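Remarks on the structure that follows.
The values are calculated or read from the model by the stated rules, or taken from the named source; none is laboratory data. Nothing here was measured: the structure is a model prediction, and the numbers come from that model. A quick note on method: Cβ atoms are made from the backbone with ideal geometry, for glycine too, and the neighbour counts reach across all protein chains shown. Calculation scope for accessible area: heavy atoms of the full protein, side chains included, ligands and nucleic acids excluded. Shrake-Rupley method; radii C 1.70, N 1.55, O 1.52, S 1.80 Å.
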Amino acid sequence: MVTILLAFTVLSWTGGLSLEFVTGDAERNRSDLLLLTRSRGPVELVLEHGALAATSPLRDVAGMADNLPLLAAAVAIAFSASAVRPSSWKSSRRPGLRLDHDVPFEEASIWRSAVATCGILYILYRLFAKVAGTGELPVGNCLILEVWIIPSLMLVCDGFILGWVLTELRDGGPADDQAGRIDVWPVLQLMPATCLGCLAALPARYAATTLLLATQHLPTSWMASDLGRFVRWALGPGLVLLQGLSLTMMAVAGIAAWGRGSIREVFHGFGRLLAREGGRLAAVAILSGLGCGALSALAYGVLFLLPPAGWVLSAADSYAHYASLPIGLWTLAALMLLAERSLPTAHLADSPAPLEAEAAPIGDADVDPL
């Protein structure tokens, strides 16, 4: 399944880049690149992109709902899942897993319907945004409710796809390559904990969407006040600060793989992980951030050596994601391993010491002769 995710991601990014090259406004993209290089030097620009990438090592595995072909395939699989309790429901987890308690089938069925509905709505919203020509910016100014509805749709779709990756990394084996069908039920058993994992790994993604949608409902006069200055700060340095702080919370994504989808379990597991594996967790965060930042900066540095063109900036962004995707998978696997090591283990109670047989004393009484 991870191979399928990689293939969908690469094909989607490549197809989107090719479509933009054919139908996009090359002159406007070229002007954006020239404006960007005028305000910053080449080295400063590369270091800036690398530093921003270093704050989000899980960006390519916790925000996959923007990959429309992948999301459409996931929604189709969720819809195709039978509404009847599968025969393998009791054995959907790996044998020997400590937290192998069954999620109620009715609860998983509710999440199946919710994921399918949210996926369809988010796909239609993204297609409308592309037709409207807003690029990657969210479309709003329709109803005040979309300020909360759109980020919620994103979060559910992101959590569903992240749960699929976690399930495959946890349970996948060579025998699964010959499986004739894809089982969606183990993924649904991890909801909504995987949604919390996405929120912990990429808080700036949802905060930026919410703030951009909210600003479309604010009066113009407010944007010149202190509130407007705060909104502009929040959409700039505030998002960077928020995403940087998420490095201390991204372990939630790995903890979600070993629970039953309960939010309470995630918080308990996070405290247990900090107590038992805090040092290794810090090392994983540092190494993943450095690796993601270095590879992303390298991709930007190589592409910015080319002459300015309309496709250079988009290509640099795509290749930076190509480079950081393996780092994201490695980080997620490492977080899952640390979370597994921190799971409570059962111990057999000490058996009581064997009672020593006491020999009955032999008296000195005479034995009657027969």
(request) Could you please tell me which pairs satisfy a Cβ distance under 6 Å, a separation of 6+ or placement on different chains, a first residue in the stretch 310-328 that is within 11 Å of V61 (Cβ to Cβ), and a second residue that is outside any loop (DSSP other than H, G, I, E, B) and open to solvent by 10 Å² or more (accessible area, probe 1.4 Å)? (result) S324/L295; I327/G291
(request) Find the residue count for the stretch 205-237, including only residues that are out of contact with any helix residue (DSSP H, G or I) (no Cβ under 8 Å at 6 or more places or on another chain) and not in a helix (DSSP H, G or I). (result) 3
(request) Tally the residues that are over 23 Å from G328 (Cβ atoms) and open to solvent by less than 20 Å² (accessible area, probe 1.4 Å), restricting the search to the stretch 199-237. (result) 4
(request) Confirm whether V187 is within 16 Å of the chain's Cα centre (by Cα) and modelled with pLDDT under 90. (result) yes
(request) Specify the residue that is nearest to R260 (Cα to Cα); the eligible residues are those in the stretch 148-184 that are modelled with pLDDT under 85 and not in a loop (DSSP other than H, G, I, E, B). (result) D171
